[in-house]
1. Hey, any hits in the range B:250-269 for a residue that's under 30 Å from B:ARG64 (Cα atoms), among the aliphatic types (A, V, I, L, M) and not in a loop (DSSP other than H, G, I, E, B)?
2. Restricting to the range B:205-237, count the residues that are modelled with pLDDT under 95 and either in contact with an Asp or Glu (Cβ under 8 Å, 6 or more places away or on another chain) or surrounded by fewer than 16 Cβ atoms within 10 Å (Cβ to Cβ) (or both).
3. Among A:GLN100, A:GLN67, A:GLN58, which is in the same structural domain as A:GLN26 (by TED's automatic domain parsing) and over 17 Å from A:ALA305 (Cα atoms)?
4. I'm trying to understand the selection: among the residues of the range B:201-220, which are assigned to a helix (DSSP H, G or I) and small (Gly, Ala, Ser)?
5. Got at least one residue in the range A:56-74 being over 17 Å from A:ALA29 (Cα atoms) and buried (at least 23 other Cβ atoms within 10 Å of the Cβ)?
6. Looking only at residues in the range B:157-172 that are more than 7 Å from every other protein chain (Cβ to nearest Cβ) and part of a loop (DSSP other than H, G, I, E, B), which one is surrounded by the most Cβ atoms within 10 Å (Cβ to Cβ)?
7. Only one of (1) farther than 15 Å from A:LEU239 by Cα; (2) touching a residue at least 24 places away in the same chain (Cβ under 8 Å) fails for B:LEU207. Which number is that?
8. When the residues of the range B:91-108 are narrowed to those that are more than 23 Å from the chain's Cα centre (by Cα) and of a type outside the set (A, V, I, L, M), which ends up farthest from B:HIS46 (Cα to Cα)?
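The values are calculated or read from the model by the stated rules, or taken from the named source; none is laboratory data. In this text the structure is predicted, and so the values were computed from the model without any measurement. Here the Cβ is made from the backbone with ideal geometry for all residues, glycine too, and neighbour counts use every protein chain on show.
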Number of protein chains: 2
Amino acid sequence: MDGPFVLGVDIGGSKVAIAAVTPDGQILARASMPTQAERGFDDGVHRILSLADQVMAQAQRPRRALQAIGVGCPGPLDPAQGIIDNPYTLPTWEKVDILQPLRSHLGVPAALENDADAAAMGENWLGTGQGARSVVMVTVGTGIGGAWIIDGQIYRGAGGAHPEMGHQCIDPSGPPCYCGIRGCWESLASGSAIAASAREQMPDRALELSGAAAVIALARAGHPAAQEVIARAAQAMALGIFTLVNLYVPDVVVLGGGVMDAYDLFEPAIRHVIERDTMAPTDRIAIRKASLGNDAGILGAARIALSLPHH
Amino acid sequence: MDGPFVLGVDIGGSKVAIAAVTPDGQILARASMPTQAERGFDDGVHRILSLADQVMAQAQRPRRALQAIGVGCPGPLDPAQGIIDNPYTLPTWEKVDILQPLRSHLGVPAALENDADAAAMGENWLGTGQGARSVVMVTVGTGIGGAWIIDGQIYRGAGGAHPEMGHQCIDPSGPPCYCGIRGCWESLASGSAIAASAREQMPDRALELSGAAAVIALARAGHPAAQEVIARAAQAMALGIFTLVNLYVPDVVVLGGGVMDAYDLFEPAIRHVIERDTMAPTDRIAIRKASLGNDAGILGAARIALSLPHH
């Protein structure tokens, strides 16, 4: 086999994953490593290039069959310039050019996108939002990230900025958010919001409630205070989706990220609010759990690579 | 003068206005009449056709120079089919075809759009949002309507539906809204919300507080309870704009409608919230009062007519 392929790279705070992917979305080979951003950007790039070489060797396709490479990474970043500027979740990676070393080492075009945008591209290509004209993907993890793919393109606004869906006002009496207002969606329905609210409700269990997963496990075990915390987060989740539906009127809302692994706990509140919504054509708008899991990022990055002009 | 022109029609609950407009936006002639929808749709269409004839005669251009006619009208309506289905604010106008009689009487192409979409097209063409790539226009009157023009086109979502910006959740402890949830933007910041809130705060003045204009006048006169009502509405106004900015990331937000005639009372709260917003590139996003006033509708309808293919 020597058909064309691309590389999709998913850089996360804890892990870097790379896959060799065919134009029809088949993963030929994959590998991952700890990110360890704090070791410095040059070290990180060096290890990413080695990992890319390793994946290409595993894929058993000639190097000349490589067409392009796409990278998804948590922002802030500048997709047009290929600059990552995220010392917050990638310590020391401040205003660093990720694309130039990839291009010069691999000799192919390269593209960088926000990780939420890449995941949404992946779900629109091969996952829950497959083939839909307009897909809003919401990733609920530590924070809430959002991306909107319309006609196969990542939506960008003024100055190329992508939407900040986690920062819509849901409840002005809610907790203060770093964005400047109170009661943002992220401050009410994200994993860290769920964990913080649970620690406040159950101070005696504060140590074990370090993340949403622990709260979800307690709720599933029938603990009333944990169930109450999840119920409130689910209601906030539903109201945020209500606003997304009325403002974007998308074909599909895809819900991904670690917290949405427990989608069954959130779904009744979401369905209740959306089914009451008399304004948007909610009979035409599907709300669904993401289906690609952690592969959304590498597949979306691969899809972005495939859209680059190549030789 | 016998240069080409179009007709722009602005149908409102109380008034129908028609203007003859040149391709560069000059109003050659205009006229208006009471809508009196309750007299029935056939009667209404007959009077609209007469008014159109009158405006063309006033314009002193030959009828063959008429290229097209555009109509803006409060929805629900189906722009693709030319069907108005709004017995709520246009009594008896239920599933009626407005375009067929216009086309057959005038012999030119005709188009129908939602009034908020038409006003936004007008402001993007000749008003506050002139020349901007992405303009969100919010019309604050009895309700809150919104429209988004991007690359000169009216944004439509699933099933051709336009966004319902008045129905974003701003405060879940707010008043119940007909859309199905509590504390929608419209239920907190519209003219009728302002009047209802004022009547609740000042029961002794309930009779005189029939609309937002009376509350605004009282606030301007220094009445503390009225000032408090306006301050709360301004805060809700600001939070809704915050969400629009973070979700659409437009170049310009244009604020129109009767309530925004008192924009000076709302502006401080809006500026305060938007300037604190650390997420969107708010240094690139302008928030401005609409500049075309009541002409936004006829000019936008004319712009829509100009975009139709003509002979």
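1. Here is the first cut: in the range B:250-269, the residues under 30 Å from B:ARG64 (Cα atoms) are none.
No, because not a single residue in the range B:250-269 is under 30 Å from B:ARG64 (Cα atoms), among the aliphatic types (A, V, I, L, M) and not in a loop (DSSP other than H, G, I, E, B).
2. Total meeting the criteria: 4.
3. Sole residue among the options that is in the same structural domain as A:GLN26 (by TED's automatic domain parsing) and over 17 Å from A:ALA305 (Cα atoms): A:GLN58.
4. Taking the range B:201-220 first, the residues assigned to a helix (DSSP H, G or I) are B:201, B:203-205, B:212-220.
Of everything in the range B:201-220, those that are assigned to a helix (DSSP H, G or I) and small (Gly, Ala, Ser) turn out to be B:ALA212, B:ALA213, B:ALA214, B:ALA217, B:ALA219.
5. Our first condition is that a residue be over 17 Å from A:ALA29 (Cα atoms); within the range A:56-74, this holds for A:72-74.
Remaining after also requiring buried (at least 23 other Cβ atoms within 10 Å of the Cβ): A:72-73.
Checked the range A:56-74: at least one residue is over 17 Å from A:ALA29 (Cα atoms) and buried (at least 23 other Cβ atoms within 10 Å of the Cβ).
6. Here is the first cut: in the range B:157-172, the residues more than 7 Å from every other protein chain (Cβ to nearest Cβ) are B:160, B:162, B:166.
Adding the requirement that they be part of a loop (DSSP other than H, G, I, E, B) leaves B:162, B:166.
Details: B:HIS162: 22, B:GLY166: 24.
So, considering only residues that are more than 7 Å from every other protein chain (Cβ to nearest Cβ) and part of a loop (DSSP other than H, G, I, E, B), the one surrounded by the most Cβ atoms within 10 Å (Cβ to Cβ) is B:GLY166.
7. (2)
8. Within the range B:91-108, the match that is farthest from B:HIS46 (Cα to Cα) is B:GLY107.
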